[in-house]
């Protein structure tokens, strides 16, 4: 009977075996790996030929092949890809307006005053009512009405596309770009995963076996817009970009803007990969084979169900969990006064100089600090802070209280009152793409790389780029206007 | 024969030996596994429907996608079949077990060190040759394997006929044709898993017929040493091959004595009454 305890002689024996293995390794001609693979492949081929028969006709060119020839062709691959994504964004934007308005009027216009009165009549002190109803409830109500409709439309479409088998074709189209940038072709897959969730995308880089290329993939994954950032893109594009053109073009133009930001994200991924692979992460590009799976008719109902449960509800739940405490914090910071001004006003005032310089504003930067745990709560945070700073007492019932906004137009007029311009909106969309990943993703990067340094680089690189890009855009914008 | 405890009507007792009845007897346990009788590992190429099989048996809703590389972590779940509790571990989908990438390492280490009672290799019936590469590698590591020949519906659609009996004879392990998306073949798969886990079905996997000629002297010499040191090692040739390839994990396991604890299942596992 052998025991697991390592006695001196068993250790000596082990070392002896290892030494011998090493000796042999040096004597084996050629590549050991290849010898083994060859033996396995030839046996697999022999077994397969004994078991598989193909009666009747040899395979005719299948539908799969024909579709692939078009969607992965040099000429049509990219245009089809962009059009398909733009179409999804357009459906999302034009489809979510009405339900968003309905939810807002239900949760904010009707339920909120009732809760407020209820809290007063039960005899809650003003501060408790403030934290619970004006802070936590309103932040959550906003999260639900702003985020639920676009997610309930976008995620099922995205999942259907995934189920059908289109995403690997996107990866195929992008593959040679990634190789040119000095990254692993498989990174095109992990980037696709990042479009859902960056933390998942970072974990997915485990399929890349070279540590150098894996690090590149991890650090640049954040440039893929994640679930939590889509709603910000959709809302801001609708309010500020779509409104620049006549109404019947608005949907298309906003969809185009979101497509542009997503494509820009791919651009930044490639650019950073290129820069990293020429500086801190130099090395050879490894090759791999990418399998294009057969197209499968998506199982519509099952897909709808799982995408609603796994994605929409998951993201919404996460948003609510983070919005509750954030709402309380925002309300408190708006209502605790130090030296005449509230804490929030101090913070916004302190951030304003830097923020306005790069074409954003203090509210946005503060919102991005509050929203480090989850990008999902950016929009509600911005709205609450804006009400408070602009002192829009006429629309609300006091500083830090959210107010009755029954349409997107009201949101826009509020933001405009807060000093927002088209530049602010454009830069917010860019900053939403280019800033530090959420804390979950940063932690995942730390766990996957086992290094605080790489995690810090992965957090600071996009943040630095965000400031740089918004600064440049602001300069150019101001120069021309 | 085990008769299910829930049986109330006498008519059911006569059904109890029928495989269709057993499938109805499947209790999906999700992730709520406090204790288990057997551990089942699920390996396979990417995009062969591994996660679909996993979900069908455990009742979990691991996200599946038409998307190679969906599962890079080990997902675990469980099911209760015929009165026995099975813990199922979904390994990352890989094309081989030879490279240094983390996903292949996770799969390789679990099959070797986790010593699952059964390893299911899900293979794509429409791409049998390439999938067999992985099957053969798994069979080098473990005896107790079941090949789940999935996507049979697609194979039929493409006009392919796969002779699973021939394949089972050649491989020396059970081969179960399935179309997991439609639930076809899952009752048979469950039964086969049970039979292999309990030892009712004994696998005699056919391992590589031809060792790579360039490696023969090295393998022979290492193999002799390994067998002398660890007479119970069930997969000495594979271990020798990995040592030649310079696998750090195996070297570490050898130094720590962990390798010595790996023994042939068939010699140790209690033979379950069935």
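The values are calculated or read from the model by the stated rules, or taken from the named source; none is laboratory data. Being a predicted model, the structure only gives us computed values, none of them experimental. Note that we place each Cβ from the backbone using ideal geometry, even for glycine, and neighbour counts take in every protein chain shown.
For segment B:150-162, the criterion of being within 12 Å of another protein chain (Cβ to nearest Cβ) and touching a residue at least 40 places away in the same chain (Cβ under 8 Å) is met by at least one residue. Just one of the listed residues (A:327, A:283, A:350, A:359) is crowded, with 23+ Cβ neighbours inside 10 Å, out of contact with any strand residue (DSSP E or B) (no Cβ under 9 Å at 6 or more places or on another chain) and either on the phi > 0 side of the Ramachandran plot or without any contact (Cβ under 8 Å) to a residue 40 or more places away in the chain (or both), and it is A:359.
The number of residues in segment A:232-273 being farther than 22 Å from residue A:465 by Cβ and within 16 Å of the chain's Cα centre (by Cα) comes to 2.
Condition check ((1) within 9 Å of chain A (Cβ to nearest Cβ); (2) under 29 Å from residue B:37 (Cβ atoms); (3) crowded, with 22+ Cβ neighbours inside 10 Å) across all residues:
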| position | (1), (2), (3) |
| --- | --- |
| B:79 | no, yes, yes |
| B:106 | yes, yes, no |
| B:113 | no, yes, no |
| B:118 | no, yes, yes |
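Selection of segment A:290-309 for residues being in a helix (DSSP H, G or I) and at the interface with another protein chain (Cβ under 8 Å from one of its Cβ atoms) yields A:306, A:309. Being surrounded by fewer than 24 Cβ atoms within 10 Å (Cβ to Cβ) and either closer than 30 Å to residue A:97 by Cβ or within 16 Å of the chain's Cα centre (by Cα) (or both) is a condition met by no residue of segment A:168-176.
Listed here are the residues, each with its yes/no results for (1) surrounded by 17 or more Cβ atoms within 10 Å (Cβ to Cβ); (2) more than 14 Å from chain A (Cβ to nearest Cβ); (3) under 24 Å from residue A:37 (Cα atoms); (4) in contact with a strand residue (DSSP E or B) (Cβ under 8 Å, 6 or more places away or on another chain).
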residue: B:168; (1), (2), (3), (4): yes, no, yes, yes
residue: B:171; (1), (2), (3), (4): yes, no, yes, yes
residue: B:178; (1), (2), (3), (4): yes, yes, no, yes
residue: B:181; (1), (2), (3), (4): yes, no, no, no
residue: B:187; (1), (2), (3), (4): yes, yes, no, no
residue: B:190; (1), (2), (3), (4): yes, yes, no, yes
residue: B:197; (1), (2), (3), (4): yes, yes, no, yes
residue: B:212; (1), (2), (3), (4): yes, no, yes, no
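With the condition kept exactly as written, say whether any residue in segment A:210-227 is in a helix (DSSP H, G or I), at pLDDT below 85 and surrounded by 23 or more Cβ atoms within 10 Å (Cβ to Cβ). No, every residue in segment A:210-227 fails to be in a helix (DSSP H, G or I), at pLDDT below 85 and surrounded by 23 or more Cβ atoms within 10 Å (Cβ to Cβ). Within segment A:169-193, residues that are away from chain B (no Cβ under 14 Å) have Cβ atoms under 6 Å from residues that are crowded, with 24+ Cβ neighbours inside 10 Å in these pairs: A:174/A:188; A:178/A:187; A:178/A:188; A:181/A:273; A:183/A:213; A:183/A:216; A:183/A:273, counting only partners at least 6 apart in sequence or on another chain. There is at least one residue in segment A:109-124 that is closer than 26 Å to residue A:242 by Cβ, part of a helix (DSSP H, G or I) and modelled with pLDDT of 80 or more. Against the list (1) more than 9 Å from chain A (Cβ to nearest Cβ); (2) outside any loop (DSSP other than H, G, I, E, B); (3) touching a strand residue (DSSP E or B) at 6+ places or on another chain (Cβ under 9 Å), the condition residue B:224 fails is (3). For residue A:235, are the conditions met, namely being part of a helix (DSSP H, G or I), buried (at least 21 other Cβ atoms within 10 Å of the Cβ), more than 13 Å from chain B (Cβ to nearest Cβ) and out of contact with any strand residue (DSSP E or B) (no Cβ under 9 Å at 6 or more places or on another chain)? Here the answer is yes, as residue A:235 does meet what is asked.
Which residue, of A:67, A:93, is touching a residue at least 24 places away in the same chain (Cβ under 8 Å), within 14 Å of chain B (Cβ to nearest Cβ) and assigned to a helix (DSSP H, G or I)? Being touching a residue at least 24 places away in the same chain (Cβ under 8 Å), within 14 Å of chain B (Cβ to nearest Cβ) and assigned to a helix (DSSP H, G or I) holds for just one of A:67, A:93, which is A:67.
Scanning segment B:152-166 for residues that are in contact with a strand residue (DSSP E or B) (Cβ under 6 Å, 6 or more places away or on another chain), assigned by TED's automatic domain parsing to the domain that holds residue B:43 and surrounded by 24 or more Cβ atoms within 10 Å (Cβ to Cβ) turns up nothing.
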